[in-house]
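Below: the structure, in structure tokens.
Every number here is computed from the coordinates shown, using simple stated rules; none is lab data. Values in this document were obtained by computation on a predicted structure and should not be read as measured data. When we count neighbours, we look across all protein chains shown, and the Cβ atoms used for this are built from the backbone with ideal geometry, even at glycine.
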Amino acid sequence: MSSRLLELFEDDIFVGKIKAKLPYLFSLAELESSRAGKTGIEVGSL
């Protein structure tokens with residue numbers, strides 16, 4: 001990995017923003033790949 005990319009993941013503010021948005025993004029992925037209330041296998045590719 002480049003040093004710039006590593007610096008991003010060492011930044012506590014940036015990491016906090018990612019952690020705050022991950023649950024929403026996972027729920028959005030589940031909603032987009034579900035049919036009749038069941039999550040499809042496509043959720044892994046989102």
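Between R4 and A29, the modelled labels are 2.6 nm apart [label points 7 Å from Cα along Cα→Cβ].
Could you sort 10-17, 23-30 so that the peptide with the highest average Cβ count within 10 Å comes first and the rest follow in order? Numbers along the way, then the final one.
On the way: 10-17: 9.5, 23-30: 11.5.
Result, highest mean Cβ count within 10 Å first: 23-30, 10-17.
Here each label is just a point 7 Å from Cα along the line to Cβ, and for A36 and K21 those points are 3.5 nm apart.
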